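The values are calculated or read from the model by the stated rules, or taken from the named source; none is laboratory data. Since we're looking at a predicted model, the values are computed, not measured. Backbone-built Cβ (ideal geometry, glycine too); neighbour counts: all protein chains shown. Note: areas computed on protein heavy atoms with side chains; ligands, DNA, RNA excluded. Shrake-Rupley method; radii C 1.70, N 1.55, O 1.52, S 1.80 Å.
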Amino acid sequence: LFTNLRVGGGLDRRLDGGYALDASLDYRFREHEEPGVRDDRDLRWRLGTSRAMGETNWAGGFRGRVSYRGNGDHRNDYSVFANFDRRIDTANQLRFGAELRRRSYPQGRLRERSRSTADASMRWTHALHDRVRLAATAHVGRNFQTSRPEGESAFHGATIELDYTLSDRWALHSFGRWEHDVFNTDAIRFYPDENDQAILRRNDNLYEFGARLVWRFAEGWTFRPEVLYTHDKSNVLDFNYSATEYWI
């Protein structure tokens, strides 16, 4: 069990010529009741601008995250990003995105995990009968400038999202995400146990599945039970992980 707290806010400002500015801060805190389980603290920020031009929209800016990772370890993330949206017709829209980011562990045992990442994505969104929204995203990229024993890695993946408005008071949101990471350096690993050594090149498959039911039970109020399943599958045993979270 854990206690979760989230506090945040944002500011949007429309300007002449179709321009807009937006900024936000978001603080998240999670504390577990079980001893030895890592507690998380995150401060996330964003500063962006956009311009609407008929059926298209350009957006870009900066975003970042300062995180406490437990055992005295901290992590800093910061990036520059750009998106281009184009509405094809009343039911279809395309988005092309790109991002360059840096993940830095300033000191401590996790410092070797610091890395830079470049990725690009394409997203298609389709609306059906004003009640169903289907979105599919494909992305590809690379992690570089790192001291990880496994070296740099290339990755690609896909995400599927489905939103279904059941009625004026009920809605369902769901998604599935997969990513495949291929590393470029052979490393000695103890596999399958501490008595056997093997030279392995790490390969990961990362999966996430989630669903959220929204009940609008009063004006301005919603009740939202959620479930999130995470499964990380790797040929290096240290990086296998799975978890199921339930939220109310």
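Evaluated with a Cβ-only charge set (Lys, Arg +1; Asp, Glu -1), region 126-239 carries a dipole of roughly 460 debye about its Cα centre, given to the nearest 20.
Overall size of region 138-188 from C-alpha positions, given as principal axis extents largest first: 55, 19, 16 Å.
Shown here is the pair-distance distribution of region 80-145: with all Cα-Cα distances grouped in 5 Å bins from zero up to the longest one, the shares run 4, 15, 19, 15, 13, 11, 9, 7, 5, 3, 1 percent. Under the criterion of Cα pairs below 8 Å and six or more residues apart, the relative contact order for region 15-82 equals 27 percent.
Since only A154, S242, S121 are under comparison, the one whose Cα sits farthest along the positive direction of the charge dipole of region 119-248, derived from C-beta charges on Lys, Arg, Asp and Glu, is S121.
Would region 108-157 count as rounded, prolate or oblate if I go by the C-alpha gyration tensor, calling it rounded below 1.5 in a/c and otherwise prolate when a/b exceeds b/c, oblate otherwise? The shape class here is prolate. Between V140 and R109, residue separation times 0.36 nm minus the direct Cα-Cα distance comes to 8.3 nm.
Per residue, the chain exposes 66 Å² of solvent-accessible protein surface, assessed with a 1.4 angstrom probe and all protein chains in place.
Of all the Cα-Cα pairs you can form in region 1-95, what percent are over 16 Å apart?
On the way: 3024 of 4465 pairs.
Tail of P(r) above 16 Å: 68 percent of Cα pairs.
Shape analysis of the chain yields a ratio of the Cα radius of gyration to the Kirkwood radius, Rg/Rh, of 0.98. Computed from backbone phi with θ = phi - 60° and the Karplus coefficients 6.51, -1.76 and 1.60, the 3J(HN,Hα) list for region 206-219 is 10, 10, 9, 9, x, 8, 9, 9, 10, 10, 8, 8, 7, 4 Hz; x is used for glycine and proline. Let me make sure I get this right: for region 65-186, a, b and c are the square roots of the gyration tensor eigenvalues over alpha carbons, sorted descending. Under 1.5 in a/c it's rounded, otherwise prolate if a/b > b/c, else oblate. Which is it? It comes out prolate by the Cα gyration axes. For the residues E179, E99, E34, a GNM of the chain with alpha-carbon springs under 10 Å puts the largest fluctuation on E34.
Please give the direction-averaged projected area of the C-alpha convex hull for region 52-113, in square nanometres with one decimal.
Values: hull surface 23.0 nm².
In nm², the orientation-averaged hull projection of region 52-113 is 5.8.
With coordinates expressed along the principal axes, the C-alpha atoms belonging to region 139-248 extend over 60, 30, 19 Å, beginning with the largest.
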